[in-house]
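Notes to accompany the following structure.
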Amino acid sequence: MIEKVAFGLVTAVALGGALGVVAARNVFVSALWLVLSFIGVAGLYALLGADFLAATQVLIYVGAISVLILFAIMLTSNVMSDERANNRQAFLAFIVASSVVAALGVLGYRTDWPVTWGDGATIVRVEAAAAGGAVGASAPVTATDGAAGQPAGNTDGVNRDENVVQLGTALLGEHLLSFEVISLVLLVALIGAIVIARD
Amino acid sequence: MTPTIALWWYLLVAAALFSIGLFGALSRRNAVGVLMGIELMLNGANVNAVAFWRYTGPSSGGGLTGMDGQVFAIMVIALAAAEAAVGLALIISIYRSQQTVLLEDFTSLHG
Amino acid sequence: MFDIASLAANAWLVPLFTALAFVTILIQIWTGRGGRSSAWVAIAGVGASGLYSVVVFLATLGGRAEALSHAPAMSRRLDWLPLGAGQLSFGILIDPLGAATLAMVGIACLMIFIYASAYMAGEFTLYTDPTTGAVDAAVGRARYARFFAYVSLFATGMFGFVLSSNLVQALLFWEIMGLCSFLLIGFWNFKPSAAQAAKKAFMTTRIGDMGLFIGIMMLFAFLGTTDYDTLMKPASLARLQGIGSIDGWLGGMLGHAVHVPLGSLSVAALVAICLFGGSVGKSAQFPLHVWLPDAMEGPTPVSAMIHAATMVSAGVFLIARLYPIFSSATVDHPDMISGPMYAVAAVGALTALLAATIGMAQYDIKRVLAYSTISQLGYMVMALGIGAYVAAVFHLLTHAFFKALLFLGSGSVIHGVEHGMHEAHEGHGHDQGHAAHPAHPSTILGVADADPHDPQDMRNMGGLGKRMPLTYATFLAGTLALTGIPVFSGFWSKDEILADAFHKMGDGHWIAALVWVLGTAAAFVTAFYMARQVFMVFAGPPATSGAAKAPESAPAMVYPLVVLSLFAVFLGLVGVPTAFPLIGAWLGGNPFHHYMGHLLSGGSFESHAFNALPALASIGAAASGWGLGYAMYGRRPAAARSTDPLASVIGVPLFRLLYRKYYVDELYQATVIRGSVALSNFDSWLDRTAIDGAVNGAGWIGERSSRVNNWIDSRVVDGTVALVAAVSGEMSRWMRWLQSGRIQQYLLLAFFGVLIFLAMNVL
């Protein structure tokens, strides 16, 4: 239950912030809403058990990118201008955007995702197989089964310490090449940004 | 143990974030506003990746092993940072020469 | 203290130091700061590399009391490029062969770099501004720095090549060396002859490299790897042997019986011969030896480094490294002679003797040494060809030191004579200075006269022993080593090759007999032409005022000579056969053989019983060579002679044949080069007559039929075209509205497209 409440809260923050971004007339206010939305997304990551990512989200998006955006706004436009914020295709854009969310929602709901949530599911499957029952996600689930595989005081099946260790290993192991490429991209982008903005 | 919140809810939130961002990117006159919309879209995609990692990742066999979803998200964050830096630099550069950041004034691609 | 083994495991640092020096000097050049400091950077880089390579070498000794016992190979790998059938990796492999070669390269390169820092100082004043005629110091500084950038990169290539753990990586560094060789031979590229020589070296070695590349690809195709460790495993070698003959292999691929020339040769032999092609090019073996003498157009330190001590050794090193593949037919007995080794031995023996005889009739001090290098490389190659692996590697190491010494010594001589000529010129004025010493009268048709201004021509020297005592002493040490006079290093290594050949001859191998006979003959010829050189350069009265005024060279040039001469004198003592009279047992029973006598494939070499006959024969050959040289060149002063004594003994036509290097260059000019030009001309003719005729005929037919078409065109087709144009015009006008130039509108349209796809899925 508490998870549902938490989910509702962070969703509200994330989506509310996002709506604020597009609804605000003043671009400066938009940027402030954006910060709120980023924080909400960080909450979503935390709920999903990706702690490191949540922290990264706060540091990079809330800390760095938002500040960058605010700077750009200050440097380029009349902050207090109250002229029309949207262009003439706003109505068409609204139709397209709402169709996209509707279509994606329907698709996400209708598709039978191969969900394997945490240790519990595995244990249930193994036991069900041993008992000769149907194997699959539809196997009956009991609270004790779920608790059996969980570390004490941790209900979502994610070992928090290992999470970061594994992420580090993955980044510098099997994903090493992408890691280096993205580092290079970042470096080039920053040099490029300096060159472009300077003259 | 089944998840308290079905995967679909996360997907819906991600889709909503994406679409709101899309609307922003399509409708804002201010270039910085468009950039913010794009950041929202990237966030939506990221939520999607992490949700799928959590729900359908190769978690069978004790603990989560594959970290592809999170690695994806980190790459996207890094790319977003790069994109923001370059994008804002471009905007500042254009503002210097054109004295405007309104996208409808930039029509030099007009055929 | 440091763990010496773990220091060795980081041997990849060795090429890194010189690579860093290369990059640093490049930055210096780009920022306009190149100059004297660049030499220091290069020396620091190669000094660190040299020090580290010696550390690596010491680590392979084990650091224990039973030093010089069999050292295990160390290797490290990092996956680099996954390929479909296998994996390319980057790594280092250190075994006794690699470690000893590495230390040799490190020490020799350090000495050469120090020497070059003084030798190349002439660059500073070499370049003049074309408009004002004043010395352009900025260009000179940049060129000086550039030289050190090139040699640093070259040293990186050599270190990397020796350390490589697989063939692809080795090829990479091999080609780096090829590139540096090109850049350095053509360093004075304002001289057309230097530019020409650079091109020749690059293209000639390329022919061999093609063979090497094909060999590597075949190895990869057959065994799925190019890693030395894996390649040299007996299982891999057995698999290579198991492929059978070329006919069988091609037949298996094509599905029917095939007979090609040499088809009965085994595939393993074909691979080995392809790999050997690379060595033939790089180590200047016959018939690809033509580039090395011309490469003397480069500055002398380059000659010493690339064309004597290190790069040409790379070819021999490659055969030694891949030795198990060459002997794979007889994998259990690595010193047996297998099929491809006959080719190796024959090429080496032929090269050894041919190059030595050419060396007899040359006048350029560096060219004599160049032919001697080719000849000595021939020795190593033929030694590998008869399974005298340890002797070949031993000769590789000793030769590198004494040949570097000789080249640097010749550079010192050239430098001195150049200074002397300059001084003489300043002192007496141009005409007067040379009037006292007229040029040699032309007595031999086809042999160029001495140019009295050429500081490299030995006919312009003489009497330098008194003017340049240190250079003379060290040069003499190098010469004694090269000619195989006992106690000096060259004697032990050369003698071991000949003794092994003699031993194999006893086993009934005809190729070993050939090697022994040609090798001993080459030893005689070597002693003769080196004696000729020493007497012409250092003995007698000076032939020109340049030689009379030549000063001793700068300390930075002379001291490296002294260090190298120590190696030239004493290095041989690590490989004295146990049974050698008097000193053999006292020197530890041939520690070098114990150290080097093992292969990656697991086989090892027995040392043979000492036999006095080949040793006496080679001593006799060397002594009689010296004696003859003294008789012909030592007794009468050079200036008093009008014609070369050798020419009067062997006859002018034969002398001319040797002087013109058996006309091999002319032969290539007449066949390969003229041939390809003729082929081009034939193609051109074919083009102009047959093909142009056909084209014209086709044109006439086309022209006729066009008239018919024209009518159809103007009525039917034009109408259609006009219609299409009108339609697309209308469409364009409509499309133009879409191309508003507003990014957001484009994005909106794109998402309409996305929506269509989504809708197809949802509905």
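The values are calculated or read from the model by the stated rules, or taken from the named source; none is laboratory data. Note that the structure is predicted; figures quoted are calculated from it, not measured. Don't worry about glycine lacking a Cβ; one is built from the backbone with ideal geometry, like all the others, and counts go over all protein chains shown. SASA here: full protein model, heavy atoms, side chains in, ligands and nucleic acids out. Shrake-Rupley method; radii C 1.70, N 1.55, O 1.52, S 1.80 Å.
Show me the helices (runs of 4 or more DSSP H) entirely contained within segment C:612-729 in which 2 or more residues are farther than 30 Å from C:Ala548 by Cβ, in contact (Cβ under 8 Å) with a residue 40 or more places away in the chain and open to solvent by less than 80 Å² (accessible area, probe 1.4 Å). If you could, list the steps in order and put the result at the bottom.
Working: elements: C:612-629, C:645-650, C:652-659, C:664-668, C:674-686, C:692-712.
Qualifying helices (runs of 4 or more DSSP H): C:612-629, C:652-659, C:664-668.
Could you check segment C:505-552 and list, in sequence order, the residues that are open to solvent by 20 Å² or more (accessible area, probe 1.4 Å) and of a type in the set (Ser, Thr, Tyr)? Before the answer, list the steps.
To start, the set of residues in segment C:505-552 that are open to solvent by 20 Å² or more (accessible area, probe 1.4 Å) comprises C:505-510, C:513-514, C:516-518, C:520-521, C:524, C:535, C:539-542, C:548-549, C:551-552.
Residue satisfying the conditions is C:Thr520 alone.
If I go through segment A:26-41 residue by residue, how many of them are more than 10 Å from chain B (Cβ to nearest Cβ) and not β-branched (Val, Ile, Thr)? Give the derivation first.
Let us first name the residues in segment A:26-41 that are more than 10 Å from chain B (Cβ to nearest Cβ), namely A:29, A:32, A:35-36, A:39.
In the following step, the residues that additionally are not β-branched (Val, Ile, Thr) were identified as A:32, A:36.
Number of matching residues: 2.
Determine which member of the set B:Ser59, B:Ser19 is open to solvent by less than 20 Å² (accessible area, probe 1.4 Å), out of contact with any Lys or Arg (no Cβ under 9 Å at 6 or more places or on another chain), at the interface with chain A (Cβ under 7 Å from one of its Cβ atoms) and modelled with pLDDT of 90 or more. Reasoning before the result, please.
Working: B:Ser59 fails: modelled with pLDDT of 90 or more.
From the options B:Ser59, B:Ser19, the qualifying one is B:Ser19.
Within segment C:724-763, can you find the residues that are at pLDDT below 85 and away from every other protein chain (no Cβ under 14 Å)?
Of everything in segment C:724-763, just one residue is at pLDDT below 85 and away from every other protein chain (no Cβ under 14 Å), namely C:Glu730.
Which of the residues spanning segment C:663-712 are within 30 Å of C:His289 (Cβ to Cβ) and either of a type in the set (S, T, N, Q) or touching a Pro at 6+ places or on another chain (Cβ under 8 Å) (or both)?
C:Val664, C:Gln669, C:Thr671, C:Ser676, C:Ser680, C:Asn681
Can you find, within segment B:95-109, the residue that is modelled with the lowest pLDDT among those that are within 29 Å of A:Gly63 (Cβ to Cβ) and surrounded by fewer than 18 Cβ atoms within 10 Å (Cβ to Cβ)? Please lay out each step first, then the result.
First, pick out the residues of segment B:95-109 that are within 29 Å of A:Gly63 (Cβ to Cβ): B:95-96, B:101-103.
Pick out the ones that are also surrounded by fewer than 18 Cβ atoms within 10 Å (Cβ to Cβ) and you get B:95-96, B:102.
Details: B:Tyr95: 86, B:Arg96: 85, B:Leu102: 82.
Filtering first and then ranking leaves B:Leu102.
Across segment C:335-371, what is the number of residues that are open to solvent by 10 Å² or more (accessible area, probe 1.4 Å), closer than 15 Å to C:Val290 by Cα and of a type outside the set (A, V, I, L, M)?
2
Restricting to segment C:739-759, count the residues that are aliphatic (A, V, I, L, M), open to solvent by 50 Å² or more (accessible area, probe 1.4 Å) and under 12 Å from A:Leu104 (Cα atoms). Before you say what the answer is, go through the steps one by one.
First, the residues of segment C:739-759 that are aliphatic (A, V, I, L, M): C:743, C:747-750, C:754-756, C:758-759.
Subset that is open to solvent by 50 Å² or more (accessible area, probe 1.4 Å): C:743, C:747, C:749-750, C:754, C:756.
With the extra rule that they be under 12 Å from A:Leu104 (Cα atoms), the set shrinks to C:754.
Total meeting the criteria: 1.
Please verify whether segment A:28-41 includes one or more residues that are in contact (Cβ under 8 Å) with a residue 40 or more places away in the chain and farther than 15 Å from B:Gly21 by Cβ.
The answer is yes; a qualifying residue exists.
Taking only segment B:62-79 into account, find how many residues are assigned to a helix (DSSP H, G or I), at the interface with chain A (Cβ under 7 Å from one of its Cβ atoms) and open to solvent by less than 20 Å² (accessible area, probe 1.4 Å).
4
Only one of these is outside any helix (DSSP H, G or I) and either over 30 Å from C:Val515 (Cβ atoms) or open to solvent by less than 10 Å² (accessible area, probe 1.4 Å) (or both): C:Gly416, C:Gly411, C:Gly387. Name it. Break it down into steps so the answer makes sense when it comes.
Details: C:Gly416 fails: outside any helix (DSSP H, G or I); C:Gly411 fails: outside any helix (DSSP H, G or I).
Among C:Gly416, C:Gly411, C:Gly387, only C:Gly387 is outside any helix (DSSP H, G or I) and either over 30 Å from C:Val515 (Cβ atoms) or open to solvent by less than 10 Å² (accessible area, probe 1.4 Å) (or both).
If you scan segment B:80-94, which residues turn out to be without any contact (Cβ under 8 Å) to a residue 40 or more places away in the chain and either surrounded by fewer than 16 Cβ atoms within 10 Å (Cβ to Cβ) or farther than 30 Å from A:Leu172 by Cα (or both)?
Keep residues of segment B:80-94 that are without any contact (Cβ under 8 Å) to a residue 40 or more places away in the chain, which gives B:81-82, B:85-86, B:89-90, B:92-93.
Listed by number, the residues that qualify are B:Ala89, B:Leu90, B:Ile92, B:Ser93.
For segment C:247-262, state whether one or more residues are closer than 27 Å to C:Gly178 by Cα and without any contact (Cβ under 8 Å) to a residue 40 or more places away in the chain.
Within segment C:247-262, the first condition is being closer than 27 Å to C:Gly178 by Cα, and the residues that meet it are none.
No; the residues of segment C:247-262 include none that is closer than 27 Å to C:Gly178 by Cα and without any contact (Cβ under 8 Å) to a residue 40 or more places away in the chain.
Listed residues A:Ala23, A:Ala90, A:Ala72, A:Ala64; which is buried (at least 24 other Cβ atoms within 10 Å of the Cβ), over 18 Å from B:Tyr10 (Cβ atoms) and either more than 8 Å from chain B (Cβ to nearest Cβ) or at pLDDT below 90 (or both)? Break it down stepwise before answering.
Details: A:Ala23 fails: buried (at least 24 other Cβ atoms within 10 Å of the Cβ); A:Ala90 fails: buried (at least 24 other Cβ atoms within 10 Å of the Cβ); A:Ala64 fails: buried (at least 24 other Cβ atoms within 10 Å of the Cβ).
Checking each option against the conditions leaves just A:Ala72.
Tell me, please, whether a residue that is open to solvent by 10 Å² or more (accessible area, probe 1.4 Å) and β-branched (Val, Ile, Thr) can be found in segment C:483-496.
yes
In segment B:22-34, how many residues are in a helix (DSSP H, G or I) and within 7 Å of chain A (Cβ to nearest Cβ)?
7
Among (1) modelled with pLDDT of 70 or more; (2) open to solvent by 70 Å² or more (accessible area, probe 1.4 Å); (3) part of a helix (DSSP H, G or I), there is one condition A:Glu174 misses while meeting the rest; what is its number?
That leaves (3) as the condition not met.
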